[in-house]
Amino acid sequence: MNAPPPLTAERYERLVAGLRGRAIVAVDYFVLMGGEEGTDPYEWDSGAWHEPTMGVELAMDDGNIYTATWGHTFDYYGLELYPAPMSDFLSSIGQPGGSARIAASGHRLWAGIVGTPIESCRIHWCGEEDGAPTPVPDAIHVQTATGQVWIAAGRPAAYPPDGRFHLGTDDVLVVFDDATAAQVGLGT
């Protein structure tokens, strides 16, 4: 397999902008597994937000597949999107101690997004407002006529979750509403 070209801010902006007008037709989460046998998916559904720790795979109406996962291309952990399946980035899918593939397309919070053309898609950059030498992509925000989602590199600040969050971690967080996005630190 050929490695994709290095991700740059310009290339990332073009990739994300290229999603406009297309529709997501399937969503899979990649959740860590634990338990005695290492085969029990960790809880990922926290109501207004989801925590698919390793990432999200998006299948599009044109047959292309994208992976949203955490990475450190921009010097610190951030959310990175690639035009490739999750299996290109993650091993041990479905194996004990690895990650479980969870079909999330039918979840009620994805209902306004799946099957509806994307009207806007943008990257939420951290550090850009502060003039940081290397802004980091905290999240991508996808909006359709009937729904929206932020896919972010982040996690709850405590377990059990207490309403505080950290961005820029080696976890993936999925948020669906403005209030929760503001609570996470993504703004609108």
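Around Cys126, which amide H atoms from residues at least 5 apart in sequence, or from another chain, sit under 5 Å from its own amide H, with H modelled in the peptide plane?
Answer set, sorted by chain and number: Val136, Asp138.
Calculate one ³J(HN,Hα) per residue across the range 43-55 by plugging θ = phi - 60° into the Karplus curve 6.51 cos²θ - 1.76 cosθ + 1.60, and present them in order as whole Hz with x for glycine and proline.
In residue order, the calculated couplings are 4, 10, 9, 10, x, 6, 8, 10, 10, x, 2, 8, x Hz.
How much length is gained on full extension from Arg14 to Ala84, taking 0.36 nm per residue of separation minus their Cα-Cα distance?
Extending this stretch completely gives an extra 23.6 nm.
Suppose a student asked you for the relative contact order of the range 145-188, using Cα pairs under 8 Å spaced at least 6 residues apart; what percent would you report?
37
Subtract the Cα-Cα distance of Ala179 and Ser92 from 0.36 nm times their separation in residues, and report this length gain in nm to one decimal.
27.8 nm
First measure r as the distance between the Cβ atoms of Arg22 and Ser46, then evaluate 1/(1 + (r/R0)^6) with R0 = 25 Å and state the FRET efficiency to the nearest 0.05.
E between Arg22 and Ser46, to the nearest 0.05, is 0.35.
List the equivalent ellipsoid semi-axes of the chain in whole Å, largest first, each obtained as the square root of 5λ for an eigenvalue λ of the Cα gyration tensor.
Calculated on Cα positions only, the semi-axes equal 22, 19, 19 Å.
Each reported figure results from applying straightforward, stated rules to the coordinates on display, with no laboratory input. Owing to the predicted nature of the structure, the values given are computational and were not obtained by experimental measurement. Please note: Cβ atoms are built from the backbone with ideal geometry, for glycine as well, and neighbour counts cover all protein chains shown.
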